[in-house]
1. May I ask you to report, in nm to one decimal and beginning with the shortest, the distances from A:D14 to the same position in the other copies, taking label points 7 Å along Cα-to-Cβ?
2. Which far-off residues, 5 or more places away or on another chain, put their amide H under 5 Å from the one on B:F115, with H placed in the peptide plane?
3. Identify which of A:I154, A:I135, A:I12 has the largest mean-square fluctuation in a Gaussian network model of chain A, with springs joining Cα atoms closer than 10 Å.
4. Using the Karplus curve 6.51 cos²θ - 1.76 cosθ + 1.60 with θ = phi - 60°, what ³J(HN,Hα) values do you get for each residue of the stretch B:134-147, in whole Hz, with x for Gly and Pro?
5. Taking a ≥ b ≥ c as the square roots of the eigenvalues of the Cα gyration tensor of chain B, is the shape rounded (a/c under 1.5), prolate (a/b larger than b/c) or oblate?
6. Short version: ³J(HN,Hα) in whole Hz for each residue of the stretch A:156-164, in order, from phi by Karplus 6.51 cos²θ - 1.76 cosθ + 1.60 (θ = phi - 60°), x for Gly and Pro, what are they?
7. Can you run phi through the Karplus equation (6.51, -1.76, 1.60; θ = phi - 60°) for the stretch B:122-132 and list ³J(HN,Hα) in whole Hz, with x for Gly and Pro?
8. What are the label-to-label distances in nm, one decimal and shortest first, from A:E28 to the same spot in the other copies, with labels 7 Å along Cα to Cβ?
There are 2 protein chains.
Amino acid sequence: MNSQAAVSVKRIADSTVRRLSAYLRFLEDFEGRGLMTISSEELAKRGGTTSAQVRKDLSFFGSFGKRGLGYSVPELAGRLREILGLGREWKIVIVGAGKIGAALAQYRGFRQRGFSILAAYDNNPEKIGRKLEDIPVRDIDQLERDIEREKPDIAVLTVPAEEAQSVVNRVVSVGVKAILNFAPTQLHAPADVTVKTVNMAMELEGLSFALTNRE
Amino acid sequence: MNSQAAVSVKRIADSTVRRLSAYLRFLEDFEGRGLMTISSEELAKRGGTTSAQVRKDLSFFGSFGKRGLGYSVPELAGRLREILGLGREWKIVIVGAGKIGAALAQYRGFRQRGFSILAAYDNNPEKIGRKLEDIPVRDIDQLERDIEREKPDIAVLTVPAEEAQSVVNRVVSVGVKAILNFAPTQLHAPADVTVKTVNMAMELEGLSFALTNRE
C-alpha cells in the first residue's frame, strides 16, 4: 500500500491535502477521547463535507476501513501522519523577523507537529543577534551559507512583498524545495519547488463573499 | 446578471472563491501595467490552473468575455470586486491582542481592500488602553456592548484554542455573521455564520506532504 501511494500523489489536489490534515485533527481528538472506530459519516460531519468525499479522499492512498465497521482510529491516524510526512522532523527557517515572523516563532502548534524552527533572518542590525522567543535572529547576509550547512527543508517568508522574489531566488539557489509565503505577492519558482502562499486579505475576501451573497 | 448571481452562489466552493480572489489580483496587476484585455489562458497560467477551469469559475456569475477576444481587464476586475463584496467597507474587530493580533493590525493589505479594523480586545490589563499600531486595545468585558453599538461585520479570533469557542458564542450572540479564526481548534457556530480557520500547522503540512511525496 505504501509504495503504491507515491505513484499517484502528484495529482492530489491541494484541497484534498487540506482535508486530510483536517481528518487527522479530528482523529486525534477522537483518540484523545478513547474512541477506537469512526465512520466516514462522522468524519464528514466534523469536516463539513460528505461521506462520499471522505471515502474518495482516503481511497487515493489505498483501502482503509471495513464496510459497516468504519475506520480504526489509531490505524487511520497513523496512516494519515505517514501520508502527510509527519513521522519525522522538518527543519524550518523564517526569513523576516517582523511581527508575522514573531507570531510564527511563538506558535506552539509547529513543534507539536515536528516542525522545528532553526533560525530567523533579518537585515535590521537592531534585530540581528536578538531572539524571537528562543529562536536566534541572524544576519540575512549569511542566509545561503547557513542553508548549505544546516539544510532546512522549508523556508517561511515574512518579508515585504517587494523583497519576496529575491529571497525565493536565494533560498532556491541553495536547495530549498518548499516555501511558505506570507508576502502578498505572486512568486515564481522552479517546478520542483512547492510554494504555498498564505494571503490574509484573501481569507477575509472569502468572508466578504459569504456576507455579500447570503440572502 | 447581478441578480441571477445571488441564486447560485450558495453552492460555490471555497476553492472557487479563492481562485476568484487570485484572478482579481492578477487583473489588478495587469490594470497597473495598462493592459486592457486578457485571455482565459493567461489568467490560467498566472493562477497555476487551466483555461477550462477559469472559464468554469467565471461562468458561475454570468457571461464574461468574447470568444477570441478575451476578457476586458477593467470590466472583469470590477465584476470580481462586486462578486467578492469588495465595493464597500467591512468593519472588523480582532479578539486577542497577542502577537498574531499585532501582526494583523499592521497588515497593510487589509485597508487597501476595504477591511477596516475598529478595535482589538484582550483581557490583559497591561494591554488594555494601549494601541496595536493605531488600533485601540479594549477590555474584552465590553465586547458585546461594543459590537451591539458598532456592528462589526467580521470578528478575527487570535485567542488561545481553549478560549476560542467561548468567544465565538459571545460574538455570535450579538449578531456577528463572519469569523476568521486563527486558533488551532474546531469551532461550532450556527449555520448562518461563516467561520474560516487559518491553521498555520496545516499550511506547513501541505508542504511536508509535497516534500514527502516527490520522487
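1. Label point to label point, same position, other copies: 1.3 nm.
2. HN-HN under 5 Å from B:F115: B:W90.
3. A:I12
4. Values per residue, Gly and Pro as x: 9, 9, x, 9, 10, 5, 5, 4, 9, 4, 4, 4, 5, 5 Hz.
5. prolate
6. 9, 9, 10, 9, x, 3, 6, 9, 5
7. Computed from phi, the couplings for the stretch B:122-132 are 8, 9, 8, x, 6, 9, 4, x, 8, 10, 9 Hz.
8. 3.4
Read-outs: derived from the displayed coordinates by stated rules, not from any lab. Not measured: the values here are computed from a predicted model. Cβ coordinates were reconstructed from backbone atoms using ideal geometry, including for glycine residues, and neighbour counts include every protein chain displayed.
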